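Asker: Take this structure, written in structure tokens, and hold onto it; I'll ask about it next.
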Amino acid sequence: MNNLKLGVEVISAHDLAPKDGQGSVNACVELHFDHQKFRTTIKEKDLNPVWNEQFYFNISDPSYLPNLYLEAYVYHINQASNSKSSLGKVRLSGSSFVPYPDSVALHYPLEKQHIFSRVKGELGLKVFLTDDPSVRPSNPLPAVDSFLSTPPPVRSHQTPDQFTGPNPNFFSENRAESVQTFHHLPREQHQQHSTAPVGDQPVRYAAEMKSEPPRIVRMFSSSSSQQPVDFQLKETSPFLGGGRVVGGRVIPGEKAGAYDLVEKMQYLFVRVVKARELPAKDLTGSLDPYVEVRLGNFKGTTRHFEKKANPEWNEVFAFSRERLQASFLEVVVKDKDLVKDDFVGIVRFDLNEVPTRVPPDSPLAPEWYRLEDKKGEKIKGELMLAIWYGTQADECFPYALHSDAILPPDSAAALSSHIRGKVYHAPRLWYVRVNIIEAQDIVVSDKSRIPDLFARARIGHQILRTKTIQSRTGNCQWNEEFMFVAAEPFEDHLILSVEDRVSASKEEVIGHVHVPLGSVDRRADDRAILPKWLNLKKPVAVDVDQLKEEKFSSKIQVRICLDGGYHVFDESTHYSSDLRPTAKQLWKPPIGLLELGILNADGLHPMKTREGRGTADTYCVAKYGQKWVRTRTIIDNLSPRFNEQYTWDVYDPATVLTVGVFDNCQLVERVSGSNGPKDMHVGKVRIRLSTLESGRVYTHTYPLIVLHSSGVKKMGELHLAIRFSSTSTFNLLYQYSRPLLPKMHYARPLLLMQQEMLRHQAVQIVAARLGRMEPPLRREVVEYMTDAHSHLWSMRRSKANFFRLMSVFSGLFSVGKWFGDVCAWKNPITTVLVHILFVMLVCFPELILPTIFLYMFLIGLWNYRFRPRYPPHMNTRISHADAAHPDELDEEFDTFPTSRGAELVRMRYDRLRSVAGRIQTVVGDVATQGERLQLLLSWRDPRATMMFLVFCLLAAMVLYVTPFQVVAVIAGFYLMRHPRFRHKMPSLPLNFFRRLPARTDSLL
């Protein structure tokens, strides 16, 4: 039975347009949804009515909910004439409805119901979905009103095919599971973009066809930004599941499956389900069974059960078909023993008889097999197995123990979870706004002194405090506002306390209060939050083991709310992968789909030694939005092949996908109580979606460039396949006209330092939450992927930013140099043509702006031939990494606070003072020129001011009687006069300007 209902709380309206001729209105709200209609009460003579009334609509078909609309009409009721006039309406799409825990009150601007309507004001609504069976739908209005005739609601005639979202089942029991499993299969409607045929007959290639050699891609046209060939991007033409990729287009080969951006890899899957009636091997008659799957040199082992003759494992093993070293598979049941494990029984399979399964076929049914002894004779006991050939599209692939991920002998079997691929969903982050206003009736223990009172606010490890105030009356007022970061589900409480600073090293708690964040009001806009008085409690110790609370009369007044209208940054603002606000009601539908195929890595640098040789145990992590993905770990391989594909919904093209490669250092026995060694980063790749063409498949090898204290180093190459598909070109282009950040960032902007502090706290919260999952995504991985330490000082980055700024102004410098050559008559023909063009623009000034825009259009059209066809990548020359001094790199990798010696720190401090001194001089010179202009009319230099005023008077008289075109032509010709008529000494206006005073005389 369908219990899903739509709840609508009509809160209030404000600033409505007057309609009754007396500057007021009799307002009510009509709600229309799914052929149902409800109406609020009438608020007479009120331009800012408040209702706070709730209504519940039945939802006839939840699958059709995204195509339905909720319409709220605001009317003025004229009871004398039994008529109504429109004050505006609000129309909400069903795709924006969220469950009740995620709903917040929003104030929507009223829209015109008719083209000639005059409306203003806003309507406050809280819209949510609920499946609570105890909630009954509201009584609908009668079909014919007693005194009103209401127009029928406007229904959308969209077909279900126009809705690209999934079937909304918000309250199913498998909701959490669906969140964790949406990373495998891309949507069908997006696959057609990558399989466009070339010509009339599609060219088909054999699966074993070799890839073309990679082509080096030069990313920057300027020679100054070119970097070594080893550090450049290389375009490839691999044969993927959908076919051969040539120039970004896919030439279809075999039938494309769900994994069309990775190479199809064949695996032998062995599923060990359970056993029954196993024979006893110990003298006590017990059995500790486990299963060993052997195929050539590969061996996989299940966990063992103690004293259990009918164990159930349900574990899957995957063996790469191209690396099979035997024609028979052996599945051995053994008894775990302290000295030597006993043989129980064996089952052998001929690999030539193993069936092949192709999804979406149903899973292969397991079968009971009778155990045999070493001589091949049947013995007591049976083992349930399922064996088949499949690809990485098989649903068992993420959970299987792979042959290329078999743990080394010195590793514990309990660490097998650290090598499996997983998808992580980062917690939803909120900003908590706390405004501490005042406190009253504060009683301190020592009444002989004037207390120094301050308030402290704390959420988890985030602690902020107000300024200290001396109060004789026991009342103090701060009115200070603080911002915190909290993650759902809320685990930490907001703790407010009032404290007395008794001495420099002692602070006494007068009272405190705990506020659960789940009970705090949520808002998605800038509406006012009412203050609340909270009672402060003071625990008094009676003895060591017991505390009692005594009644306490002190109070504190605060405003607390969860701000859902902001986007909580948990990564560097330059590389953000998600810009949506926290409140789900403000989310817009996705504009496209991002598909990533992690193919392989090649030429990796050894990260550890094993058995006297260098090796690496690598895995990849990709982050976009709140979804993190982690591939399986490939053990003992410097050229691992992953071939895993993932998808993300895209809400904004101005976002960045980050892919990192790490070396797994957790595959050793940990010391008790130890957190284990840190995973080492191999390198990462950033790809901005706005640089990608829609529907094109980008297949490149990206160099993994890492900066060490010894210099820049290439750690290998990562081969990726990327495709960005847009659902609507119009929606994609319209996104460029929308603000980059949510509305609250502009209505109540955060300070830069405050935002950086909140970002640091957000990274710590995300790292702590992801570190509690299984397998954990470790803190060092999260910090590396989010550039948590990018705000720290670096001489190299400062130089890189300076040269970036110089390159931005290089165009202006080039224009100035060209104009100087024109004025110097180095090319007389060019100078004469510039004179003619100048005279034309002066005589016809209306041609100036069209000429400028036409010039920019022609330049852009010319540059279209040389447009970059490949995504940008990290550049060592632009990063100033190839020319950085070793001491500068050592300073960049130093800890904060520093761990270097005093002499080295003193030398770096002196160097920083020298650089800052030069910057100080430049800033002072710029300020001096500006002050000369400001003081020109201030009579600071009376003679200069008098001369300038006389000049202004004469210039006004001349310009009044002389046409502007004549003055402009004379000034232009004088500026571009021949060098024969120039002097080597500075001009008169420049001499006059340089003699003007500035405020440098007032500096100490």
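Asker: Tell me the residue from ILE469, ILE459 that is open to solvent by 20 Å² or more (accessible area, probe 1.4 Å) and of a type in the set (A, V, I, L, M), please. Talk me through it step by step, then tell me what you get.
Answerer: Numbers: ILE459 fails: open to solvent by 20 Å² or more (accessible area, probe 1.4 Å).
After applying the criteria, what remains is ILE469.
Asker: More than 30 Å from PRO989 (Cβ to Cβ), open to solvent by 70 Å² or more (accessible area, probe 1.4 Å) and either touching a Lys or Arg at 6+ places or on another chain (Cβ under 9 Å) or not assigned by the TED database to the domain that holds ASN801 (or both): does that describe HIS873?
Answerer: Values: more than 30 Å from PRO989 (Cβ to Cβ): yes; open to solvent by 70 Å² or more (accessible area, probe 1.4 Å): no; either touching a Lys or Arg at 6+ places or on another chain (Cβ under 9 Å) or not assigned by the TED database to the domain that holds ASN801 (or both): yes.
When the stated conditions are applied, HIS873 does not pass them.
Asker: Also, I was wondering about something else. When only residues in segment 846-875 that are touching a residue at least 12 places away in the same chain (Cβ under 8 Å), in a loop (DSSP other than H, G, I, E, B) and not aliphatic (A, V, I, L, M) count, which is nearest to SER709 (Cα to Cα)?
Answerer: To start, the set of residues in segment 846-875 that are touching a residue at least 12 places away in the same chain (Cβ under 8 Å) comprises 866, 868-875.
Right, trim to in a loop (DSSP other than H, G, I, E, B) and you get 868-875.
This time we only want the ones that are not aliphatic (A, V, I, L, M), so: 868-873, 875.
Values: PRO868: 33, ARG869: 34, TYR870: 30, PRO871: 28, PRO872: 25, HIS873: 22, ASN875: 18 Å.
The residue in question is ASN875.
Asker: Is it the case, given these coordinates, that VAL839 is touching a residue at least 12 places away in the same chain (Cβ under 8 Å) and either exposed (fewer than 11 other Cβ atoms within 10 Å of the Cβ) or within 30 Å of VAL966 (Cα to Cα) (or both)? So that I can check it myself, show each step before the final result.
Answerer: Details: touching a residue at least 12 places away in the same chain (Cβ under 8 Å): yes; either exposed (fewer than 11 other Cβ atoms within 10 Å of the Cβ) or within 30 Å of VAL966 (Cα to Cα) (or both): yes.
In short, yes.
Asker: If TRP313 satisfies every condition in (1) more than 19 Å from LYS274 (Cα to Cα); (2) touching a residue at least 40 places away in the same chain (Cβ under 8 Å); (3) of a type in the set (Phe, Trp, Tyr) but one, which is the exception?
Answerer: For TRP313, the exception is condition (1).
Asker: Shifting gears a bit: Residue under question is ILE450, and the condition is that it be in a loop (DSSP other than H, G, I, E, B) and open to solvent by 20 Å² or more (accessible area, probe 1.4 Å); does it hold?
Answerer: Working: in a loop (DSSP other than H, G, I, E, B): yes; open to solvent by 20 Å² or more (accessible area, probe 1.4 Å): yes.
It is true that ILE450 is in a loop (DSSP other than H, G, I, E, B) and open to solvent by 20 Å² or more (accessible area, probe 1.4 Å).
Asker: Next question, about the same structure. Spot the failing condition for SER497; the list is (1) open to solvent by 20 Å² or more (accessible area, probe 1.4 Å); (2) within 24 Å of PRO531 (Cα to Cα); (3) of a type in the set (Ser, Thr, Tyr), and only one is missed.
Answerer: With (1) open to solvent by 20 Å² or more (accessible area, probe 1.4 Å); (2) within 24 Å of PRO531 (Cα to Cα); (3) of a type in the set (Ser, Thr, Tyr) applied to SER497, the lone miss is (1).
Asker: Report yes if some residue within segment 696-719 is assigned to a helix (DSSP H, G or I) and over 20 Å from the mean Cα position of the chain (by Cα); otherwise report no. Write out each step before concluding.
Answerer: At the first step, the residues of segment 696-719 found to be assigned to a helix (DSSP H, G or I) are none.
There is no residue in segment 696-719 that is assigned to a helix (DSSP H, G or I) and over 20 Å from the mean Cα position of the chain (by Cα).
Asker: From the list THR701, THR691, which one is among the hydroxyl-bearing types (Ser, Thr, Tyr), more than 19 Å from VAL568 (Cβ to Cβ) and touching a His at 6+ places or on another chain (Cβ under 6 Å)?
Answerer: Values: THR691 fails: touching a His at 6+ places or on another chain (Cβ under 6 Å).
The conditions single out THR701.
Asker: What do you reckon, is ASN310 open to solvent by 70 Å² or more (accessible area, probe 1.4 Å), modelled with pLDDT of 85 or more and under 47 Å from the mean Cα position of the chain (by Cα)?
Answerer: Values: open to solvent by 70 Å² or more (accessible area, probe 1.4 Å): yes; modelled with pLDDT of 85 or more: yes; under 47 Å from the mean Cα position of the chain (by Cα): no.
Considered against the rule, which asks whether it is open to solvent by 70 Å² or more (accessible area, probe 1.4 Å), modelled with pLDDT of 85 or more and under 47 Å from the mean Cα position of the chain (by Cα), ASN310 comes out as no.
Asker: Filter segment 1-44 for residues that are acidic (Asp, Glu) and part of a strand (DSSP E or B) and give the result.
Answerer: Initially, segment 1-44 is screened for residues acidic (Asp, Glu), giving 9, 15, 20, 30, 34, 44.
Within segment 1-44, GLU9, GLU30 qualify.
Asker: Let me ask something else about it. If ILE419 meets every condition in (1) modelled with pLDDT under 75; (2) open to solvent by less than 20 Å² (accessible area, probe 1.4 Å); (3) not charged (D, E, K, R) apart from one, which number is that one?
Answerer: (1)
Asker: Checking the condition surrounded by fewer than 17 Cβ atoms within 10 Å (Cβ to Cβ), closer than 28 Å to ILE635 by Cα and charged (D, E, K, R), which residue from GLU395, GLU377, GLU367 passes? So that I can check it myself, show each step before the final result.
Answerer: Working: GLU377 fails: closer than 28 Å to ILE635 by Cα; GLU367 fails: closer than 28 Å to ILE635 by Cα.
When all the criteria are applied, what remains is GLU395.
Asker: Right, here's the next one. Would you point out the residue of segment 876-897, among those that are open to solvent by less than 70 Å² (accessible area, probe 1.4 Å) and without any contact (Cβ under 8 Å) to a residue 24 or more places away in the chain, that is farthest from ASN801 (Cα to Cα)?
Answerer: Here the residue is ASP894.
Asker: Here is a follow-up. Are there any pairs, at least 6 apart or on different chains, whose C-beta atoms fall under 9 Å, with the first in segment 503-528 and without any contact (Cβ under 8 Å) to a residue 12 or more places away in the chain and the second of a type in the set (Lys, Arg) and part of a strand (DSSP E or B), and if so, which?
Answerer: So the pair list comes out as GLU507/ARG456; GLU507/ARG501; ALA528/ARG559.
Asker: For LEU65, indicate whether it is open to solvent by less than 40 Å² (accessible area, probe 1.4 Å), assigned to a strand (DSSP E or B) and either of a type in the set (S, T, N, Q) or within 30 Å of TYR566 (Cα to Cα) (or both). Quick ask: steps written out before the conclusion?
Answerer: Numbers: open to solvent by less than 40 Å² (accessible area, probe 1.4 Å): yes; assigned to a strand (DSSP E or B): no; either of a type in the set (S, T, N, Q) or within 30 Å of TYR566 (Cα to Cα) (or both): yes.
Considered against the rule, which asks whether it is open to solvent by less than 40 Å² (accessible area, probe 1.4 Å), assigned to a strand (DSSP E or B) and either of a type in the set (S, T, N, Q) or within 30 Å of TYR566 (Cα to Cα) (or both), LEU65 comes out as no.
Asker: Taking segment 353-392 as the region of interest, how many residues are acidic (Asp, Glu) and within 41 Å of the chain's Cα centre (by Cα)?
Answerer: Looking only at segment 353-392, we keep the residues that are acidic (Asp, Glu), and these are 353, 361, 367, 372-373, 377, 382.
Checking which are within 41 Å of the chain's Cα centre (by Cα) leaves us with 361.
Residues meeting the conditions: 1.
Asker: Restricting to segment 720-745, count the residues that are outside any strand (DSSP E or B) and either surrounded by 16 or more Cβ atoms within 10 Å (Cβ to Cβ) or under 19 Å from the mean Cα position of the chain (by Cα) (or both).
Answerer: Start the filter on segment 720-745 by keeping residues that are outside any strand (DSSP E or B), which leaves 727-745.
Going one step further and asking which of them are either surrounded by 16 or more Cβ atoms within 10 Å (Cβ to Cβ) or under 19 Å from the mean Cα position of the chain (by Cα) (or both), we end up with 727, 732, 735-736, 738-745.
Of the residues in that region, 12 qualify.
Asker: Still on this structure: Looking only at residues that are modelled with pLDDT of 60 or more and of a type in the set (A, V, I, L, M, F, W, C) in segment 218-241, which one is most open to solvent (accessible area, probe 1.4 Å)?
Answerer: Going through segment 218-241, the residues modelled with pLDDT of 60 or more turn out to be 226-241.
Imposing the further condition that a residue be of a type in the set (A, V, I, L, M, F, W, C) reduces the set to 229, 231, 233, 239-240.
Numbers: VAL229: 70, PHE231: 30, LEU233: 2, PHE239: 33, LEU240: 5 Å².
So, considering only residues that are modelled with pLDDT of 60 or more and of a type in the set (A, V, I, L, M, F, W, C), the one most open to solvent (accessible area, probe 1.4 Å) is VAL229.
Asker: Moving on to the next point. Taking segment 472-488 on its own, how many of its residues are modelled with pLDDT under 90 and open to solvent by 80 Å² or more (accessible area, probe 1.4 Å)?
Answerer: Total satisfying the criteria: 2.
Asker: Among the numbered criteria (1) surrounded by fewer than 22 Cβ atoms within 10 Å (Cβ to Cβ); (2) out of contact with any Leu (no Cβ under 8 Å at 6 or more places or on another chain); (3) in contact (Cβ under 8 Å) with a residue 40 or more places away in the chain, which single criterion is violated by ARG580?
Answerer: Just one mismatch for ARG580, condition (2).
Listed here are the residues, each with its yes/no results for (1) hydroxyl-bearing (Ser, Thr, Tyr); (2) outside any strand (DSSP E or B); (3) over 26 Å from the mean Cα position of the chain (by Cα).
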residue	(1), (2), (3)
GLU71	no, no, yes
LEU87	no, no, yes
SER95	yes, yes, no
PRO101	no, yes, no
LEU106	no, no, no
GLN113	no, yes, yes
VAL119	no, yes, yes
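Asker: Working only within segment 37-52, note down all residues that are closer than 18 Å to GLY7 by Cβ and open to solvent by less than 40 Å² (accessible area, probe 1.4 Å).
Answerer: Listed by number, the residues that qualify are PHE38, THR40, TRP51.
The values are calculated or read from the model by the stated rules, or taken from the named source; none is laboratory data. Given the structure is predicted, the values throughout are model-derived calculations rather than measurements. Here the Cβ is made from the backbone with ideal geometry for all residues, glycine too, and neighbour counts use every protein chain on show. These area figures cover heavy atoms from the full protein model, side chains too; ligands, DNA and RNA do not enter into them. Shrake-Rupley method; radii C 1.70, N 1.55, O 1.52, S 1.80 Å.
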